[in-house]
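A short write-up of the structure that comes next.
The values are calculated or read from the model by the stated rules, or taken from the named source; none is laboratory data. These numbers come from a predicted model, not from an experiment. A quick note on method: Cβ atoms are made from the backbone with ideal geometry, for glycine too, and the neighbour counts reach across all protein chains shown.
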Amino acid sequence: MNKWLLITGCVASFSAFAAAPQELLRQYEAQARQENAAFAGFSAARGATFFKTERTRSDGQTASCATCHTADPRNPGRTRANKVIEPLAPVANPLRFTDPAKVEKWFGRNCKDVLERACTAQEKGDFIQYLIDLK
Amino acid sequence: MKKWMQFLILFGSVSAAGTLLASGGGEGDGGRALPPVSNARWKAECSSCHMAYHPGLLPERSWRRIMAGLDRHFGENAALDAPTAADIEQFLVANSADRQPARRSQRILQSIPPGAAPLRISETPYFRAKHDEISPATFKRKSIGSPANCSACHQGAEKGDFSERLVKIPR
């Protein structure tokens with residue numbers, strides 16, 4: 001776990017122990033304030049839009065977070081290699097957003113995959129807010 | 001004419017018996033399943049997008065190529081931090097087809113030309129020969145997706161068991 005933290009450069013802000021999603025949100029909030037002085041909180045509605053927005057990548061393919069996680073993240077999704085992905089919403093899968101290193105690893109991969117860049121702390125926080133608000 | 005046919009039949013049965021002997025004799029590994037292997041990081045990192053492919057299904061040179069290109073892995077980013085990647089690579093190499101006495105591994109190895117280092121098990125001549133009766137349309141079924149989805153058809157795939165009695169092609 002610790003090794004990932006070093007790599008992602010978030011050493012100071014993440015605890016290596018299982019954390020509640022709320023704890024994770026606080027850490028992204030601190031980071032978002034640093035990235036943007038005008039930071040005004042996370043929004044589940046913005047997170048929902050982010051989750052569903054289809055983007056056209058430079059290879060011409062379209063992708064969104066919903067491509068693999070499905071339009072309703074309370075449901076299981078599928079990888080491109082056709083393996084089942086457990087639901088992303090904590091209401092359906094309490095293990096989500098409790099392992100900061102795992103969360104950072106997949107934000108790293110999936111943001112690059114869909115957006116072809118890293119996600120900002122604002123985007124990550126909105127995304128998590130949307131998912132933990134799902135009931 | 002008759003003698004010619006008799007000869008053919010005789011020749012056919014002798015070589016069939018030979019093949020039987022060869023395949024029965026050399027086993028000695030309790031059936032045809034690959035030996036169980038495990039490594040915690042491999043299990044965690046290489047089974048999130050697909051099943052964890054047994055290291056005995058590819059030679060060392062293929063695993064080294066795969067591990068060197070994880071950031072662009074079949075169109076996906078599967079990059080790992082350096083210590084985790086090194087640990088997994090060592091495990092894959094130590095159990096690769098080159099170091100695996102299991103018959104299945106040896107057959108896969110022998111089917112690959114010396115200069116080649118395929119990135120896919122499903123591209124090895126061994127795999128092609130064993131699946132030549134399955135049409136591309138079957139592989140594309142929604143329940144399967146591609147030849148890489150071994151466990152869709154092989155119930156024992158995760159355990160390295162590809163024996164015939166555990167094969168069922170889903171609709």
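Results for (1) assigned by TED's automatic domain parsing to the domain that holds B:Ala52; (2) free of Cβ contacts under 8 Å to residues at least 12 places away in the same chain, shown as yes or no for each residue.
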position: B:Asp81; (1), (2): yes, yes
position: B:Thr84; (1), (2): yes, no
position: B:Arg99; (1), (2): yes, no
position: B:Gln106; (1), (2): yes, yes
position: B:Ser111; (1), (2): yes, no
position: B:Pro114; (1), (2): yes, yes
position: B:Ala117; (1), (2): yes, no
position: B:Ala137; (1), (2): no, yes
position: B:Arg141; (1), (2): no, no
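For segment A:76-98, taking the residues that are within 11 Å of chain B (Cβ to nearest Cβ) and of a type in the set (D, E, K, R), the one that is nearest to A:Ala30 (Cα to Cα) is identified as A:Glu86.
Scoring B:Ala116 on the criteria (1) at pLDDT 95 or above; (2) touching a helix residue (DSSP H, G or I) at 6+ places or on another chain (Cβ under 9 Å); (3) within 14 Å of another protein chain (Cβ to nearest Cβ) leaves a single failure, condition (3).
Picking from residues in segment B:146-171 that are within 14 Å of chain A (Cβ to nearest Cβ) and either at pLDDT below 95 or closer than 17 Å to B:Ser62 by Cα (or both), the one that is surrounded by the most Cβ atoms within 10 Å (Cβ to Cβ) is B:Ala148.
Would you mind stating whether B:Lys130 is under 16 Å from B:His54 (Cβ atoms), surrounded by fewer than 18 Cβ atoms within 10 Å (Cβ to Cβ) and without any contact (Cβ under 8 Å) to a residue 12 or more places away in the chain? Against the criterion (under 16 Å from B:His54 (Cβ atoms), surrounded by fewer than 18 Cβ atoms within 10 Å (Cβ to Cβ) and without any contact (Cβ under 8 Å) to a residue 12 or more places away in the chain), B:Lys130 qualifies.
Which of the residues spanning segment A:44-78 are of a type in the set (Ser, Thr, Tyr), in a loop (DSSP other than H, G, I, E, B) and more than 22 Å from A:Leu95 (Cα to Cα)? Once the filter is applied, which keeps residues that are of a type in the set (Ser, Thr, Tyr), in a loop (DSSP other than H, G, I, E, B) and more than 22 Å from A:Leu95 (Cα to Cα), segment A:44-78 yields A:Thr53, A:Ser58, A:Ser64. Scanning segment A:44-77 for residues that are at pLDDT 95 or above, in contact with a Gly (Cβ under 9 Å, 6 or more places away or on another chain) and not hydrophobic (A, V, I, L, M, F, W, C), we see that the one that is surrounded by the fewest Cβ atoms within 10 Å (Cβ to Cβ) is A:Thr70.
Kindly indicate whether any position in segment B:69-79 is out of contact with any Cys (no Cβ under 9 Å at 6 or more places or on another chain), of a type outside the set (Lys, Arg) and more than 11 Å from chain A (Cβ to nearest Cβ). Yes, segment B:69-79 contains a residue that is out of contact with any Cys (no Cβ under 9 Å at 6 or more places or on another chain), of a type outside the set (Lys, Arg) and more than 11 Å from chain A (Cβ to nearest Cβ).
If you take the residues of segment B:33-60 that are of a type outside the set (A, V, I, L, M, F, W, C) and over 27 Å from B:Ser163 (Cβ atoms), which of them is surrounded by the fewest Cβ atoms within 10 Å (Cβ to Cβ)? If we take residues in segment B:33-60 being of a type outside the set (A, V, I, L, M, F, W, C) and over 27 Å from B:Ser163 (Cβ atoms), then B:Arg41 is surrounded by the fewest Cβ atoms within 10 Å (Cβ to Cβ). Of the candidates A:Glu104, A:Glu116, the single residue that is within 14 Å of another protein chain (Cβ to nearest Cβ) and out of contact with any helix residue (DSSP H, G or I) (no Cβ under 6 Å at 6 or more places or on another chain) is A:Glu116. Among the residues of segment B:137-144, is there at least one that is more than 14 Å from the chain's Cα centre (by Cα) and of a type in the set (S, T, N, Q)? Looking through segment B:137-144, at least one residue is more than 14 Å from the chain's Cα centre (by Cα) and of a type in the set (S, T, N, Q).
Of all residues in segment B:143-163, which are of a type outside the set (Gly, Ala, Ser), part of a loop (DSSP other than H, G, I, E, B) and touching a residue at least 40 places away in the same chain (Cβ under 8 Å)? B:Asn149, B:Asp161, B:Phe162, listed by residue number. Filtering A:Asp99, A:Asp59 for residues that are among the charged types (D, E, K, R) and either farther than 28 Å from B:Ile144 by Cβ or in contact with a Phe, Trp or Tyr (Cβ under 6 Å, 6 or more places away or on another chain) (or both) leaves a single hit, A:Asp99.
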